[in-house]
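First the structure, in the form of structure tokens, and then the observations on it.
The values are calculated or read from the model by the stated rules, or taken from the named source; none is laboratory data. Here the structure is a predicted model, which means the values were calculated and not measured. Neighbour counts are summed over all protein chains in view; Cβ atoms, including those assigned to glycine, are modelled from backbone coordinates with ideal geometry.
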Amino acid sequence: MDIATLESFLRDRLAAALPGAAVQWRFSPRPTRKGWRPELQPETARQAAALLLLYPAPGGDDLLLPLTVRHSDLPHHPGQISLPGGRVDRDEGPEAAALREAHEEIGVVAADVRVAGALSSLWVVVSNHLLRTYVGVLDRRPEFRLAPREVEALLEVPLSHVRDAARLGWSRHTREGIVVDYPHFQLAGHEVWGATAMVLGEFAALWDPQFSPPPSAVKF
């Protein structure tokens with residue numbers, strides 16, 4: 001798929017009914033936090049935005065999307081894999097915030113990005129942010145420049161890997177003394193889980209509505 005074909009598909013698909021909470025739920029940790037549902041929009045939640053960016057792989061047939069390894073000193077989600085993004089300022093909308101954060105974190109020039117639409121909102125309960133992810137395309141690979149205080153590394157992931165259900169699995173962590181099972185993507189040598197997995201899961205479901213992790217050995 002070339003970038004023009006992808007952009008046309010994304011504009012049409014993101015303007016239609018989205019996979020939404022049903023898919024976000026498939027990629028959520030189990031057990032979930034009490035009272036959490038992905039589609040909730042609490043009045044106390046702070047607005048946040050992220051950019052899911054796609055561009056042609058240099059010299060290849062695939063398309064790539066960038067993920068960041070968050071700095072280990074950050075107060076929220078340190079060391080985790082995420083899309084470039086952050087809080088929405090008072091004087092801007094969420095789409096502008098997504099583009100600004102992508103510029104600040106990884107050096108993407110906002111004016112070069114064509115935004116095709118947005119995925120469903122997602123309540124990230126651990127940091128109480130209401131996240132909206134915008135999907136953008138570029139005609140060529142950007143000249144990345146990482147913000148050293150926020151981003152420890154950049155991962156360029158093939159779109160075909162994000163859409164590959166064989167790369168889905170489960171991992172186990174202890175959260176606040178409770179054993180939690182997490183659906184994850186295996187991407188670029190990392191397990192991608194949590195809110196990022198929920199966003200990527202909905203994105204992949206634009207092509208395959210049944211896109212889902214394999215059945216877990218644990219009965220929830």
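Tabulated results
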item	result
Inter-residue pairs, beta-carbon under 6 Å, first under 18 Å from N128 (Cα atoms) and in the range 78-98, second in a loop (DSSP other than H, G, I, E, B) and of a type in the set (S, T, Y), 6+ apart	P78/S72
Residue in the range 162-181 that is of a type in the set (G, A, S), free of Cβ contacts under 8 Å to residues at least 40 places away in the same chain, more than 27 Å from P42 (Cα to Cα) and not in a strand (DSSP E or B) present	yes
The range 33-88 - residue that is assigned to a strand (DSSP E or B) and basic (K, R) and, of those, modelled with the lowest pLDDT	R70
Matching residues, the range 149-167, being of a type outside the set (A, V, I, L, M) and in contact with a His (Cβ under 8 Å, 6 or more places away or on another chain)	R149, E150, E152, R167
Set P215, P209, P158: member being at pLDDT below 95, surrounded by fewer than 20 Cβ atoms within 10 Å (Cβ to Cβ) and not β-branched (V, I, T)	P215
Which listed residue, of E104, E152, E92, is charged (D, E, K, R), closer than 15 Å to L53 by Cβ and either over 13 Å from the mean Cα position of the chain (by Cα) or not in a strand (DSSP E or B) (or both)	E104
Boolean, V124 is of a type in the set (A, V, I, L, M, F, W, C) and out of contact with any helix residue (DSSP H, G or I) (no Cβ under 8 Å at 6 or more places or on another chain)	no
Matching residues, the range 124-137, being touching a Pro at 6+ places or on another chain (Cβ under 8 Å) and among the aliphatic types (A, V, I, L, M)	L130
Qualifying residue in the range 113-127 (condition: within 20 Å of A204 (Cβ to Cβ), in contact with a Ser or Thr (Cβ under 8 Å, 6 or more places away or on another chain), assigned to a loop (DSSP other than H, G, I, E, B) and not charged (D, E, K, R))	yes
The range 1-26, residues that are assigned to a loop (DSSP other than H, G, I, E, B) and in contact with an Asp or Glu (Cβ under 8 Å, 6 or more places away or on another chain)	L18, P19, G20
Residues satisfying the stated conditions in the range 160-185, i.e. more than 20 Å from the chain's Cα centre (by Cα) and closer than 18 Å to Q24 by Cβ	V180
Test: residue in the range 129-138 that is surrounded by fewer than 17 Cβ atoms within 10 Å (Cβ to Cβ) and not in a helix (DSSP H, G or I)	no
